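Here's the structure we're looking at; comments come further down.
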Amino acid sequence: MRTLTAEIGKLAALPAAWVAVAVATLGSLGVTVLNAAGVRDAVAAGDSAALGYTSAVEAAFSAVPLGTVGAVVLGVVAMSSEYTPNGTEAGGGRQITTTLTTTPSPWRVLVAKALAVAALVLLVAAVTVPACLAVAHQLVGDVPDVGAPHDAVARTVGTAVYWVLTALLALAVTVVTRSGLVPLVVLVVNSSMVSFSLLVGRLTPLARFLPDAAGISLFARDWEPPGGVALAPLAGGLVMAAWAVGALAAAGLVLTRRDA
């Protein structure tokens, strides 16, 4: 518990972590406003046939990918901050040395970091997704939603799980690379612009078992990956969780076997 408390305090003290929270929350809300306003205007003009959806729920969950970027940043900076050199006035060392001196077990440090990241991402999701749904319903108005009300709850939980697992994957990759730059660029681009899994999906249907492609079904409905059928939400979540656990196990081995 002392290690976990320390890691939560360290994460909360990082300015980049609060930037990530702002990206996930305010960015998702901004995209939701744009989506919902577009739906409202198109329905009012009688041009709803040109839209992919007319649902407030869909307008909200279409903003999930931007929130994923915030989760990636949180996972990366939680570990990359350990390898950032201090200023010369502080001796020019790195925080990882102090961390492993006070807590000699690398596994304990990694587990505490993973729990701290997961807790913060869950908190962000618990605030952001319901806020996006409320804003979307307010803007769209009386247009009926597609699907049962419990589906929105399931997708809200799925979004939180997707963000947490994405953040843990980002944390694990950062442990291996010892740098935040490479995982940050690659994972942010993959989450928001060009999905590697979708590109691979044009070559083989096995791409649906890659972590981000498997997990999309947690919050997206009626989505079909190129060259294959999307996994069911539960199956997709389990596949993505297996990737996250495997990546963290590999990161723990790397952290244990190399010098700080």
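Each residue of the stretch 238-250 is assigned a 3J(HN,Hα), and the resulting list reads 5, 5, 5, 5, 5, 4, 5, 5, x, 5, 5, 5, 5 Hz, derived from the Karplus form 6.51 cos²θ - 1.76 cosθ + 1.60 (θ = phi - 60°), x at Gly and Pro. Each of 164, 152, 67 was placed along the dipole of the chain (beta-carbon charges, centred on the mean Cα), and the one lying farthest toward the positive end is 164. The H on the amide N of residue 94, modeled in the peptide plane, is under 5 Å from the matching H of 86, each at least 5 residues off or on a different chain. Using C-alpha pairs below 8 Å separated by at least 6 residues, the relative contact order for the stretch 2-257 is 23 percent.
Looking at the square roots a ≥ b ≥ c of the eigenvalues of the Cα gyration tensor of the stretch 2-257, which shape do they give, rounded for a/c under 1.5, prolate if a/b is larger than b/c, or oblate? Prolate, since a/c reaches 1.5 and a/b exceeds b/c. Since only 199, 176, 14 are under comparison, the one whose Cα sits farthest along the positive direction of the charge dipole of the stretch 2-257, derived from C-beta charges on Lys, Arg, Asp and Glu, is 176.
When exposed loop sites are taken as trypsin sites (Lys or Arg not before Pro) in a DSSP loop with at most 11 other Cβ atoms within 10 Å, the longest stretch of the chain clear of them is 1-201. A full extension of the chain between residue 153 and residue 45 corresponds to an added length of 35.8 nm, given 0.36 nm per residue minus the alpha carbon distance. Couplings for the stretch 173-181, taken from phi via the Karplus curve 6.51 cos²θ - 1.76 cosθ + 1.60 with θ = phi - 60°, read 5, 5, 4, 5, 7, 6, 8, x, 5 Hz in order; Gly and Pro are left as x.
Listing 195, 62 from fewest to most neighbouring C-beta atoms within 10 Å gives 195, 62.
Just so you know, all these numbers are worked out from the coordinates, no wet-lab data involved. Not measured: the values here are computed from a predicted model. FYI the Cβ positions are ideal-geometry reconstructions off the backbone, even for glycines, and counts take in every protein chain you see.
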